[in-house]
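Notes follow the structure.
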Amino acid sequence: MKVTKDYILSIITGLIVGVLTLFGQKYLSTNFNFLANSGAVWLIPAFLISYFKKENKLHSVVITIICLFGCVYGYYISEAVLNHHSFTFDRDILLWTIVAVIAGTVFGFGAYMANQDNSKMKYFGMNLLPAVFTSEGLDNVIHIKDYSHMIPAVIMKIIIGFTLYLLINKKDIIKLKNIINYVVITLFGIAGFAVLSGSMSIL
């Protein structure tokens with residue numbers, strides 16, 4: 001019964017975030033529009049639900065994936081309704097569904113490990129959210145020509161990433177092992193955004 005409630009909470013949260021994303025893209029100003037155009041934002045509720053539930057590894061992964069599914073389909077279904085066209089399972093939705101499975105697995109596992117005080121992987125889990133925002137901001141810097149119209153937003157992403165690092169890690173901020181995890185995950189994140197951008201351009 002508890003498992004079912006967790007799944008329902010995850011899908012409802014995801015659907016709400018997906019719908020809010022669509023409206024954010026339409027109404028937020030240029031400097032804040034990134035909040036509705038960043039896949040990293042979807043990872044916040046997905047990660048936090050799993051993190052605060054403090055469940056076993058498999059359950060953490062599943063509820064994270066379900067939440068991201070809610071974000072994806074909440075966005076695309078509401079977009080179809082708002083623009084008066086039928087919902088079709090196209091290549092973009094397929095790509096984001098695959099991304100949801102991969103990201104949900106990684107971040108669900110990370111949320112689980114973040115709760116394991118005696119595990120060496122704890123730092124990996126604690127630094128996932130900070131690193132994904134930092135890496136997206138740095139990816140924007142690398143491709144600054146495409147983001148020259150929204151430089152304050154690019155800077156804000158990096159600031160959010162670093163702020164999350166400070167808030168989540170607290171006493172371990174200057175611990176070398178923690179810093180290394182943060183930097184390494186950020187570098188993998190930059191590579192991930194590059195792959196995702198390439199996949200989107202191909203499609």
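The values are calculated or read from the model by the stated rules, or taken from the named source; none is laboratory data. Bear in mind the structure is a predicted one, so any value in this text is a computation, not a measurement. Neighbour counts run over all protein chains shown; Cβ positions are idealised from the backbone, glycine included. Keep in mind that these areas ignore ligands, DNA and RNA; they rest on the heavy atoms of the full protein, side chains included. Shrake-Rupley method; radii C 1.70, N 1.55, O 1.52, S 1.80 Å.
For region 36-65, a residue qualifies if it is open to solvent by 70 Å² or more (accessible area, probe 1.4 Å), assigned to a helix (DSSP H, G or I) and free of Cβ contacts under 8 Å to residues at least 40 places away in the same chain, and the qualifying residues are Phe52, Leu58.
Go through the residues of region 91-104 one by one and say whether even a single one is of a type in the set (D, E, K, R), in contact with a Lys or Arg (Cβ under 9 Å, 6 or more places away or on another chain) and surrounded by fewer than 16 Cβ atoms within 10 Å (Cβ to Cβ). For region 91-104, residues of a type in the set (D, E, K, R), in contact with a Lys or Arg (Cβ under 9 Å, 6 or more places away or on another chain) and surrounded by fewer than 16 Cβ atoms within 10 Å (Cβ to Cβ): absent.
The test for being open to solvent by 60 Å² or more (accessible area, probe 1.4 Å) and part of a helix (DSSP H, G or I) does not hold for Leu68.
State whether the residues of region 71-83 include one that is touching a Pro at 6+ places or on another chain (Cβ under 9 Å) and assigned to a helix (DSSP H, G or I). Checking region 71-83: at least one residue is touching a Pro at 6+ places or on another chain (Cβ under 9 Å) and assigned to a helix (DSSP H, G or I).
Every condition in (1) without any contact (Cβ under 8 Å) to a residue 40 or more places away in the chain; (2) among the acidic types (Asp, Glu); (3) within 20 Å of Gly39 (Cα to Cα) holds for Asp117 except the one numbered (3). Residue pairs whose Cβ atoms lie under 7 Å apart, separated by 6 or more positions or on different chains, with the first residue in region 142-162 and within 16 Å of Asn33 (Cα to Cα) and modelled with pLDDT of 85 or more and the second of a type in the set (Phe, Trp, Tyr) and surrounded by 14 or more Cβ atoms within 10 Å (Cβ to Cβ), are Val154/Tyr147; Lys157/Phe34; Lys157/Phe133; Ile160/Phe133.
The criterion of being farther than 30 Å from Ser29 by Cβ, touching a Lys or Arg at 6+ places or on another chain (Cβ under 9 Å) and open to solvent by 30 Å² or more (accessible area, probe 1.4 Å) holds for Lys177. Would you say Phe188 is open to solvent by 70 Å² or more (accessible area, probe 1.4 Å), in contact with a helix residue (DSSP H, G or I) (Cβ under 9 Å, 6 or more places away or on another chain), at pLDDT 90 or above and under 27 Å from Thr30 (Cα atoms)? The answer is no for Phe188. Of all residue pairs spaced 6 or more apart or on separate chains, those with beta-carbon atoms under 8 Å, a first member in region 1-20 that is modelled with pLDDT under 90 and a second member that is not in a helix (DSSP H, G or I) and not aliphatic (A, V, I, L, M) are Asp6/Glu55. Screening the candidates Ile144, Ile173 for the property of being out of contact with any helix residue (DSSP H, G or I) (no Cβ under 7 Å at 6 or more places or on another chain) and among the β-branched types (Val, Ile, Thr) yields one hit, Ile144. Among the residues of region 163-174, those that are buried (at least 17 other Cβ atoms within 10 Å of the Cβ) and at pLDDT 85 or above comprise Leu164, Tyr165. How many of the residues in region 116-150 are more than 20 Å from Leu176 (Cα to Cα) and open to solvent by less than 60 Å² (accessible area, probe 1.4 Å)? Residues meeting the conditions: 6. Residues in region 66-95 that are small (Gly, Ala, Ser) and in contact (Cβ under 8 Å) with a residue 40 or more places away in the chain: Gly70, Gly74, Ser78.
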